[in-house]
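J.: Here you go, one structure.
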Amino acid sequence: MPGSVYGVVRRRVAVRLAVGAAAVLVIAVLAAGVGAVAIPLDDTVAIALDRLPGVSIDGDWPASGETILWKLRFPRIVMAGLVGGVLALSGAAFQGLFRNPLADPYLVGVASGAGLGAAVVFLTGSSLFAVGGGLPIAAFAGALAAVAIAYLVARRSDGLPLTTLILAGVAVSALAGAVTSLLMIRSDPSLRPLLSWLLGGFSGARWNHAWLILPYVVPGAVVLLAYARVLNVMQLGDDHARAAGVNVERTKIVLLGVASLLTAAAVAFSGVIGFVGLVAPHVVRRIWGADHRFLLPMSALVGAGFLILADLGARTLASPAELPVGIITAFAGAPFFLFLLTRKAR
Amino acid sequence: MKNRLLVVVALAALMSLVAGLACGQAEVELAQTPAAPEPTATHVPEPTATPESGPIAVPTDTSEAASSLTGDPVYEPVTLIDGAGQEFVFTEPPERIVAYDSAVVEILFAIGEGHRIIGTHDFVEFPAEASEVTRVGSAFEINVESILALEPDLVFLFSPGFMDDLQGAGLRVLFLPSRSSGFEDTAADIRLWGRIAGNPDAAEELALDFETRLAAVKSVLTSVDAGPRVFRDEGGLWTPGPDTLIGEVLELLKLDNIASDVSGFEQISPEVIVERDPEIIIATDFSTIDTDAAFASLTAIKDGRVFRMPGEPLSVPGTRFIQGIEDLARQIYPELFP
């Protein structure tokens, strides 16, 4: 009976996703136990439990330990997970939408737009915004502006040709990137904070950042996941999708808009972190196949786990110094990706 | 079609406007120069960074110079080994110098020899007279053609990157690495440039001023055993280690740099800052550490001891360096430096 086969598949998918979610949770907990400053495990557990509602633990852990864990390390892990999940989810959606394995969340200009926004605010100084507060806003605005421009340029009266959109995105990226480079080269070496931001990192991650991006992340993720079945149909080509009753043009605009919004929110605080959005969906596709109903949520989980681990490396490998997390994602991700490419695709 | 074209044109105009705006702003507001030690600079062996191997000026036979009949003060030839290991001899002062280094521009103007400078790079902003000097490139790129057009008789470089190009074009190029540590040798640099420019007396006066004021700061601080723990935030939690110019100044001021295990400039872990709990924070305008809730429990924040100090002048080992030291000393020890 087809119905029961479908039920078995569904159950298997649900189990895999549950295992994936549990794995991310385990990674997060383990990552919380390690940091630039060593904090005894029992203190770590006590400090974490003490924060749970209705739990109060009497302990004599040092106040610095509580600050480090609660105000620095925990929000950092949460942000790394959120951003990794968002980038991977957006990357999977873009790869599906553009039917292009090279697509990543930055394809249509989000990264360079955000970079330009950040550079302008940073270099015009605190008179315009207080740096820190103003930089994420400008990065967010720059990211969305770049996508909007690419969209406006590529739009036709009868729809949105995706190839033109990609080309417009490439051109907008190049232009924004060139202006950013010009700003930096005309400036001077005190640009280190800007450079760190451009390379991506979670050194500045705090709880309020997580609260600020959640209103974008949660509804955005829900919308993308809801389009999984439509993305499956879209793989057959626009005409087939239309024949199957999909409103292709609306789908393009929704996916482009939502994935860009998600990516812009992620990039605003953490900077431009490469590789996660490209690789995580490919890993999932190679191992488990290309059904978007599974591909999208599993990519998010893989991206979250991967970026938490990468940030663990960023904050511990060069301790007491920080490494840009984008360097770690490329160092760890690229060889694994190459290895994966040598294996037969499913 | 027409609409789309309009969008593109408007966009290009907007971007160039933004670029122009930011460039202009950046030049005004960012008062640092390429002489600031870059993250990689400290990993490069620097033959002239230590006094033993520095650009030692060897007095040469003065008899030929003494035969000058012009009536001008006698020019003592200067011989030195440059950063590329080549012997360099000055038998007369260079008249048309392209000085690709903030500290050297400062020094030459301070000893009254700034008129010899005919070209420099984009980031040189001090002294005010230097703003009229022709610009021939940024710290990262150099315009060989515009340098050639200036017809200099000496090009001074702080990094060897463009040496081959310039020498290949037939120019006389002196390269001495910019100091990323060893600030006390600034006095020697001043004396050296005084001799090269043929004005050793003015240089001696300036160098003595540097040494006297430095000694005064040191003698006041002999009463301090161990100063407070300090964190220097260059912005984004980038901080100098002890092997940087500013790191050396912190040590001179008996401050206990919490980034003592950092080499050059690095972005330090926020966890480490909390654990080491600085009692004083010296921040640039790029720093947001005092408004970050995660750092609210630091002693420095609770005591309200966050000082603002720009990157300059303590990143350029020139004539303003001693003033930077004194200003910082006054901020941190107001009772010792009234």
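The values are calculated or read from the model by the stated rules, or taken from the named source; none is laboratory data. Keep in mind that this is a model prediction, so the values were computed, not measured. Cβ atoms come from the backbone with ideal geometry, glycine included; neighbour counts cover every protein chain shown.
This table checks each residue for (1) in a helix (DSSP H, G or I); (2) acidic (Asp, Glu); (3) free of Cβ contacts under 8 Å to residues at least 24 places away in the same chain.
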site	(1), (2), (3)
A:208	yes, no, yes
A:214	yes, no, no
A:217	yes, no, no
A:221	yes, no, no
A:225	yes, no, no
A:231	yes, no, no
A:240	yes, no, yes
A:249	yes, yes, no
A:256	yes, no, no
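J.: Now for a separate question. Please enumerate the residues belonging to the range B:256-289 that are more than 7 Å from chain A (Cβ to nearest Cβ), aliphatic (A, V, I, L, M) and part of a helix (DSSP H, G or I).
T.: B:273, B:289
J.: Looking at the range A:163-187, which of the residues that are under 25 Å from residue B:141 (Cβ atoms) and β-branched (Val, Ile, Thr) is modelled with the lowest pLDDT?
T.: Result: A:185.
Residue-wise test of (1) modelled with pLDDT of 90 or more; (2) more than 14 Å from every other protein chain (Cβ to nearest Cβ); (3) within 18 Å of the chain's Cα centre (by Cα).
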residue: B:123; (1), (2), (3): no, no, yes
residue: B:171; (1), (2), (3): yes, yes, no
residue: B:184; (1), (2), (3): yes, yes, yes
residue: B:188; (1), (2), (3): yes, yes, yes
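J.: Check residue A:110 against each of (1) away from every other protein chain (no Cβ under 14 Å); (2) on the phi > 0 side of the Ramachandran plot and name the one condition it does not meet.
T.: (2)
J.: Does any residue of the range A:86-96 turn out to be in contact with a His (Cβ under 8 Å, 6 or more places away or on another chain), within 14 Å of chain B (Cβ to nearest Cβ), crowded, with 17+ Cβ neighbours inside 10 Å and assigned to a helix (DSSP H, G or I)?
T.: no
J.: Any residue at all in the range B:178-200 that's in contact (Cβ under 8 Å) with a residue 12 or more places away in the chain, touching a strand residue (DSSP E or B) at 6+ places or on another chain (Cβ under 9 Å) and surrounded by fewer than 16 Cβ atoms within 10 Å (Cβ to Cβ)?
T.: Within the range B:178-200, not a single residue is in contact (Cβ under 8 Å) with a residue 12 or more places away in the chain, touching a strand residue (DSSP E or B) at 6+ places or on another chain (Cβ under 9 Å) and surrounded by fewer than 16 Cβ atoms within 10 Å (Cβ to Cβ).
J.: How many residues, within the range B:139-158, are within 14 Å of another protein chain (Cβ to nearest Cβ) and under 23 Å from residue B:110 (Cα atoms)?
T.: The number of residues fulfilling the criteria is 2.
J.: For residues in the range B:290-325 being exposed (fewer than 15 other Cβ atoms within 10 Å of the Cβ) and within 22 Å of residue B:221 (Cα to Cα), which is farthest from the other protein chains (Cβ to nearest Cβ)? Can you show your working first?
T.: Going residue by residue through the range B:290-325, those that are exposed (fewer than 15 other Cβ atoms within 10 Å of the Cβ) are B:291, B:293, B:296, B:299, B:302-304, B:308, B:323.
Now restrict to residues that are within 22 Å of residue B:221 (Cα to Cα): B:308, B:323.
On the way: B:308: 11, B:323: 19 Å.
Here the residue is B:323.
J.: Another question, if that's okay. From the list A:173, A:187, A:181, A:203, which one is closer than 30 Å to residue A:318 by Cα, assigned to a helix (DSSP H, G or I) and of a type in the set (S, T, N, Q)? Write out each step before concluding.
T.: Numbers: A:173 fails: closer than 30 Å to residue A:318 by Cα; A:187 fails: assigned to a helix (DSSP H, G or I); A:203 fails: assigned to a helix (DSSP H, G or I).
Testing whether each residue is closer than 30 Å to residue A:318 by Cα, assigned to a helix (DSSP H, G or I) and of a type in the set (S, T, N, Q) leaves just A:181.
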